[in-house]
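**Student:** Before anything else, here's the structure in question.
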Amino acid sequence: MIDTIVFDLGGVLIDWNPRYVYREIFKDDGKMEWFLANICTGEWNAEQDRGRTMAEGTAVLKKAYPEYGELIDLFYDRWDEMLNGEIPDSAAILSELKKSYKLFALTNWSAETFHIALERFPFLQMFEGIVVSGVEKMLKPDKRLFKALLDRFALKAEQCVYVDDTKRNVEVANELGFHAIHFISAADFKRKMESLNLLK
């Protein structure tokens, strides 16, 4: 019997995107996309989500690309501006699920910036527990991070729905026994939950 819903945060409940800052700086989408694909990449940012400090991550990148130093500094100097807000309708679904299920979150997020989200988004208080990759020094799709959630809160994977916008994370959750859902949009997520008779 499913009694728990576990949410990823970024891309599911929270809209975070560096383009909200860099589009204003570059004023040319082509140049911005090149910068984000080659300098401040997702892979580089993920190392901060894995536990590397922002200072160390920034220093590594500026040493490799000194000519982009000011643009690299902007990534964490203006990081809070990359948090655009909650995903439309997702928070409303969360509130509805809270009436019937235990709620937890499992997120790839830097330990140094997560407090900003906690301060900005009151709906995060609905969760009974949140496991943050940067605190654990592990990054999804590492199975150990999923198991840390299960062990810490005495959860059973087969009694949990896991929802994430990253397909590989969904696949790993399925391998571990979760009822995993690939998040595409709030409306699609709602339909999938209704099809499982978990939401009316």
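Only the coordinates and a few stated rules stand behind these numbers; no lab work does. The structure displayed is predicted, hence computed values, not measured ones.
**Student:** Quick one: helix 29-38 against the long Cα principal axis of the chain, what's the angle to the nearest 10°, folded into 0 to 90?
**Tutor:** 80
**Student:** With n ≥ 4 as the cut-off for DSSP H runs, can you work out [θ] at 222 nm for the chain, using -39500 (n - 2.57) per run divided by the number of residues, rounded to the nearest 500?
**Tutor:** It comes out at -13000 deg cm²/dmol, rounded to the nearest 500.
**Student:** Same structure again: Over the stretch 11-154, how many pairs of lysines fall under 24 Å by alpha carbon, counting only those 8 or more apart in sequence or from different chains?
**Tutor:** Lysine pairs meeting the criterion: 10.
**Student:** Give me the number: length gained by fully extending Ile2 to Asp89, i.e. 0.36 nm times residue separation minus the C-alpha to C-alpha distance, one decimal in nm.
**Tutor:** Contour length minus Cα-Cα distance gives 29.1 nm.
**Student:** Cα axis of helix 186-195 to longest principal axis of the chain: angle in degrees, 0 to 90, nearest 10?
**Tutor:** Computed tilt is about 20 degrees.
**Student:** If you fit an axis through the alpha-carbon atoms of helix 143-152 and take the longest principal axis of the Cα set of the chain, what angle between them do you get, 0 to 90°, nearest 10?
**Tutor:** 50
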